[in-house]
Amino acid sequence: MNTDCEYIIVGAGVVGLAIAATLASNGKDVLVLEKAASIGTMTSARNSEVIHAGIYYPRDSLKARLCVSGRQALYRYCQDRYINHRQCGKLIVATSASQVTQLKSIQTRALANGVNDIRLLSANDAMAMESELHCKAALYSPSTGIVDSHGLMVSLLGDAQSHGAALATHAPVISIEHNRVIGGFTVHVGGQDPIALTSQWVINAAGHGACALIATSELMHNTHCVEPILVKGNYFCLSGKAPFSRLVYPVPEPGGLGVHFTIDLGAQGRFGPDVEPIETENYAVNPLRAGSFYSAVRHYWPGLPDNALSPDYAGIRPKIRLNGDVYNDFMIQTQAQHGVPGLVNLFGIESPGLTASLAIAQQVGKL
């Protein structure tokens, strides 16, 4: 089949751009379609910008494997491309005796995932590292860090374009048709000048819109068991000097990693995200949620002053259900799962998607 391009990638977030760079560098003809006005404006821009070590995820899950290999690849990439980042380390803290047992379980899982530098610290050792900290014990992860996510995405786009890939913004994909007889796809793009494009492959990296994109097409019947869940995470900014030089996380809670402390590359401290189930996309931060933040943070930082937190921003985790049950891993669907040759669906690419982006791209490239 003669087509307009070999690969169409839907979505110019960090994962879509990493895939574009990988495919283009291997000589593939790639077009990236993005509905927004610029790259990386959704999930990729609304997170903690943390380079995760690979600690929390079940052994042999995609999250575990791709986070560990992706973290290593990301540090190398940032060093080679002079992308602003810092390997600042992280403390996961237990603030009660019962949580100390949970720390030991987390350490066991981390070691099973290949995070070999994680260490269990006594309360005294942890508080010697961070004088403002209060805890009963802590895990120290020296390989956790932070990254300029926008700088990373600009670099990935540059890599892709230098190898011939093209990007179209203001290009919402309305539907996808599979040409069952001769193969390939017709991708219908809306906007001011609607157009139909043909390709041999379609890679659905549309983030929150990934499930909806397939649901609007004839491919729906092959993926009807996958449903999106929207879970918002709110962040509050800290006024004044940051209390910690490392990231500080509580023991994880259902649906997230707890209200943790992160610091950006400009030394601005913030807390979040919390876990707020929502029905529709909504990025407003309710100032009244600050009360729960003060309560959560003071378990590990009793010195948090009153009136020190202000609403910052929110992100939405693109979680999914499979057959009605919450699915807690990345899902990379290919013909083996949905029966359509040439289609790759990326569902549920929440945290640690930023860390794992280069490894996800390599995985897709192998498919």
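Farthest toward the dipole's positive end in the chain, which of A166, A97, L66, given Cβ charges of +1 (Lys, Arg) and -1 (Asp, Glu) about the Cα centre?
Going by the charge dipole, the pick is A97.
How high is the relative contact order of the range 143-205, given as a whole-number percent (alpha carbon pairs under 8 Å, six or more residues apart)?
This gives 20 percent for the range 143-205.
Report the relative contact order of the chain, percent, no decimals, based on alpha-carbon pairs under 8 angstrom and at least 6 residues apart.
24
Cα axis of helix 14-25 to longest principal axis of the chain: angle in degrees, 0 to 90, nearest 10?
50
Relative to the longest principal axis of the chain, what angle (0 to 90°, nearest 10) does the C-alpha long axis of helix 62-81 take?
So the helix axis and the longest Cα principal axis differ by about 90 degrees.
What is the Cα convex hull volume of the range 240-340 when expressed per residue in Å³?
Per residue, the Cα convex hull of the range 240-340 comes to 157 Å³.
If the cut-off is a Cα-Cα distance under 20 Å, which aspartates and glutamates reach K241, setting aside same-chain residues fewer than 8 apart in sequence?
Those aspartates and glutamates meeting the cut-off are E49, E130, E132, D264, D306, D312.
Fewest first, what order do I360, I278 take by the number of other Cβ atoms within 10 Å?
By the 10 Å Cβ count, ascending: I278, I360.
For the chain, give the magnitude of the charge dipole about the Cα centre (Cβ charges: +1 Lys/Arg, -1 Asp/Glu; no others), in debye to the nearest 20.
Dipole of the chain, to the nearest 20 debye: 960 debye.
Output ³J(HN,Hα) for the range 351-367: one whole-Hz value per residue in order, computed from phi by the Karplus curve 6.51 cos²θ - 1.76 cosθ + 1.60 with θ = phi - 60°, and x for Gly and Pro.
Whole-Hz 3J(HN,Hα) from phi for the range 351-367: 4, x, x, 4, 4, 8, 4, 5, 6, 4, 4, 5, 4, 5, x, 5, 6.
Under the √(5λ) rule applied to the eigenvalues of the Cα gyration tensor, what semi-axes describe the equivalent ellipsoid of the chain? Give them in Å, descending.
38, 20, 19
For the range 224-298, max minus min Cα coordinate along each principal axis, in Å, sorted largest first?
Result, largest extent first: 48, 25, 24 Å.
Given the pairs K35/K63; K35/K90; K28/K319; K28/K90, which span a C-alpha to C-alpha distance of over 32 angstrom in this model?
With Cα atoms farther than 32 Å apart: K35/K90; K28/K90.
Less than 15 Å Cβ to Cβ from H163, Lys/Arg counted +1 and Asp/Glu -1: what total charge do the surrounding residues give?
-1
Which whole-number percent is the relative contact order of the range 1-61 (Cα, under 8 Å, 6+ apart)?
Value for the range 1-61: 34 percent.
Which whole-Hz couplings ³J(HN,Hα) result when phi for each residue of the range 178-194 is put into the Karplus expression 6.51 cos²θ - 1.76 cosθ + 1.60, θ = phi - 60°, listed in order with x for Gly and Pro?
Whole-Hz 3J(HN,Hα) from phi for the range 178-194: 9, 7, 5, 7, 9, x, x, 9, 10, 10, 8, 10, x, x, 5, 10, x.
Got a sec? Charge dipole of the range 67-151, +1 on Cβ for Lys and Arg, -1 for Asp and Glu; which of A112, G145, A126 is way out at the positive end?
A112
Please name whichever of I349, M331, S310 sits farthest to the positive end of the charge dipole of the range 310-367, dipole taken about the Cα centre and charges placed at Cβ: Lys and Arg +1, Asp and Glu -1.
After comparing all options, I get M331.
State the percent of C-alpha pairs, over all pairs in the range 177-329, separated by a distance greater than 20 angstrom.
Of the Cα pairs, 61 percent sit more than 20 Å apart.
Between N124 and R321, what length comes free when the chain is fully extended (0.36 nm per residue of separation minus the Cα-Cα distance, one decimal in nm)?
Gain on extension, N124 to R321, equals 66.7 nm.
Hand me the trypsin sites (Lys or Arg not before Pro) from the range 288-367 located in a DSSP loop with no more than 15 other Cβ atoms within 10 Å, in residue order please.
Those satisfying the criteria are R298.
Mind checking the dipole of the range 21-119: about its Cα centre, +1 per Lys or Arg Cβ, -1 per Asp or Glu Cβ, Debye to the nearest 20?
Using only the charged Cβ atoms, the result is roughly 260 debye.
Read the figures in this text as sums done on the coordinates, not as results from a lab. Quick caveat: nothing in here was measured; it's all calculated off a predicted structure. In this analysis, Cβ positions are derived from the backbone assuming ideal geometry, glycine residues included, and neighbour counts consider all displayed protein chains.
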